[in-house]
1. If you average the alpha carbon positions of region 7-65 and of region 104-130, how far apart do those two centres end up, in angstrom?
2. How large are Rg and Dmax for region 10-108 when calculated on the C-alpha trace, in angstrom?
3. Taking the chain as a Gaussian network, where each spring joins two C-alpha atoms under 10 Å apart, which residue of 73, 62, 116 fluctuates the most?
4. Going by a ≥ b ≥ c, the root eigenvalues of the Cα gyration tensor, does region 1-65 fall in the rounded group (a/c under 1.5), the prolate group (a/b larger than b/c) or the oblate group?
C-alpha cells in the first residue's frame, strides 16, 4: 500500500492576544473542528518547534466539535501541534510588529501516514479517511 498520499485540509487562525491566544477552525474532509491555543511560553521560532519534546509545556491545545471539548491523547496532541502550532509560529513571526489582531486562512495537505489515519479515523474525530488514492 502507498501511504504517501495527501489529505487536504483548511485552517483558519485568528489571533486573539498576540503571541498568547489563538483560535479558529480546522476542516478535515467534511469535518470541522474548532480549536483554541494558549501559549505558556513565548511562541517558538519555526526551527525550534521540531525539537520540543513535550508540546504541553509550550501550548495548551483545545479541540472542540460543535462546542464540545474533545479530550486528546499524547499522540493526538502531537498531531494537532503540527497542524496548528507550526503555522501559528510562522504567522506570528511574519506579522512582525503589526498593530491589532491578525487572521490567516490557508489550505494545506498532510501525509496519509498510517498513524495520522488511525488518529483521525478514531470515533471521537470520525474523519473516515481511506487509503484509496481516488478518495479524500
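Here, each number is a calculation from the coordinates, and none is a lab measurement. What you see is a predicted model, and the numbers here were worked out from it, not measured in a lab.
1. Going from one Cα centre to the other spans 15 Å.
2. In Å, with Rg to one decimal and Dmax whole: 12.8, 36.
3. Sorting by GNM fluctuation, first place goes to 73.
4. Working: a/c = 2.29, a/b = 1.31, b/c = 1.75.
Because a/c hits 1.5 or more and a/b fails to exceed b/c, region 1-65 counts as oblate.
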